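Nothing in this text is a laboratory measurement; each read-out follows from the coordinates by a stated rule. Values in this document were obtained by computation on a predicted structure and should not be read as measured data. Neighbour counts are summed over all protein chains in view; Cβ atoms, including those assigned to glycine, are modelled from backbone coordinates with ideal geometry.
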Amino acid sequence: MGERWRDLRHALAENPLSILALALLGLLLGVAVFGPWLAPHDPLATNTAMALRPPSAAHPFGTDQLGRDILSRVVVATRLDLAIAAGAVALSLGVGAVIGAACGYFGGALDRAVGRVVDVLMAFPLFALAMGVVAALGNSVSSVVYATAVINLPFYIRLARAETAVRREMGYVEAARVGGSSHARVLRVVLLPNIAAPLAVQASVNLGWAVLNAAGLSFIGLGVRAPTPEWGIMVAEGAGFIVSGQWWLVAFPGAALMLAVFAFNLAGDGLRDLLDPRSRT
């Protein structure tokens, strides 16, 4: 435990931006958990008499075309966007790690077959593939989660396969096999825990991509449906008002989206430095 804390302090000292990442992630998680109670107004309540009002003391982020408070909608949308990203990354990480580790451990026909499937998936533009999945499954939050998981899956399969292939002939793996452990137990108890660090770094970066993908699908009308507060929907609804000077409809949800992606990318850099000391320069 003491060594882990020393590594953490060293990583933070060498990369001060990691402290900023922790602060931003803490802010985002706090808003996601307590958002409904922090929102000053009902995010769904309309008031056409207050439509398109600029930022003010009563409405710090202004109001949209239906008079809804943008601050409240941005705050409440945080939970949904982060939940979609976390669910998609958890699904793709879990499935991809198991499939990739099995391919790296057993090799042979399984490895070749999965490799061809991964190559096919990677041949498609990933956002276009996500659009196809949502179009096939229907517009819903679960469809966005599945679509985002599908486009992230090849990254975890390839990473887990490569890391497992490097380790499968190492002494501790051979010792487990000689000791009578089954192949399934070797994978579950010996190999998967040892490839968790690079997978965790990949997951932290994928969280930012997942947020962008979910917002992008909603922006083009294939994700979460209005009037549900969601960053991509808010940007899409406000885009038509930029030319007439109502910049706040896009600026604040766009800033929230940028902040989330920035925080996850910084967290990925910090996590890599912490879990892989060789990457420090």
Would you mind putting 35-43, 71-79 in packing order, based on average other-beta-carbon counts within 10 Å, highest first?
71-79, 35-43
Taking every C-alpha to C-alpha distance in segment 62-279 and binning by 5 Å from 0, the per-bin percentages run 1, 7, 13, 15, 15, 13, 11, 8, 6, 4, 3, 2, 1, 0, 0
Using Cα atoms only, what is the angle between the long axis of helix 70-106 and the major principal axis of the chain, expressed in degrees (0 to 90) to the nearest 10?
20 degrees
Cβ-placed point charges (K, R +1; D, E -1), dipole of segment 62-279 about Cα centre in debye, nearest 20
580 debye
What list of ³J(HN,Hα) values in whole Hz, one per residue of segment 162-167 in order, does the Karplus curve 6.51 cos²θ - 1.76 cosθ + 1.60 (θ = phi - 60°) give from phi, with Gly and Pro shown as x?
5, 5, 5, 4, 5, 9
Along segment 116-121, Karplus-curve 3J(HN,Hα) (6.51, -1.76, 1.60; θ = phi - 60°) to the nearest Hz, with x for Gly and Pro, reads 5, 4, 4, 4, 5, 4
In whole percent, what relative contact order does the chain give with Cα contacts below 8 Å and a gap of six or more residues?
24 percent
Dipole axis of the chain (+1 Lys, Arg; -1 Asp, Glu on Cβ), positive-most option in S140, P54, M234:
S140
Measuring from the longest principal axis of the C-alpha atoms of the chain, the long axis of helix 2-14 (C-alpha) lies at a number of degrees, nearest 10, equal to 50 degrees
Residue-normalised 222 nm signal for the chain, counting each DSSP H run of n ≥ 4 as -39,500 (n - 2.57), nearest 500 deg cm²/dmol, is -24000 deg cm²/dmol
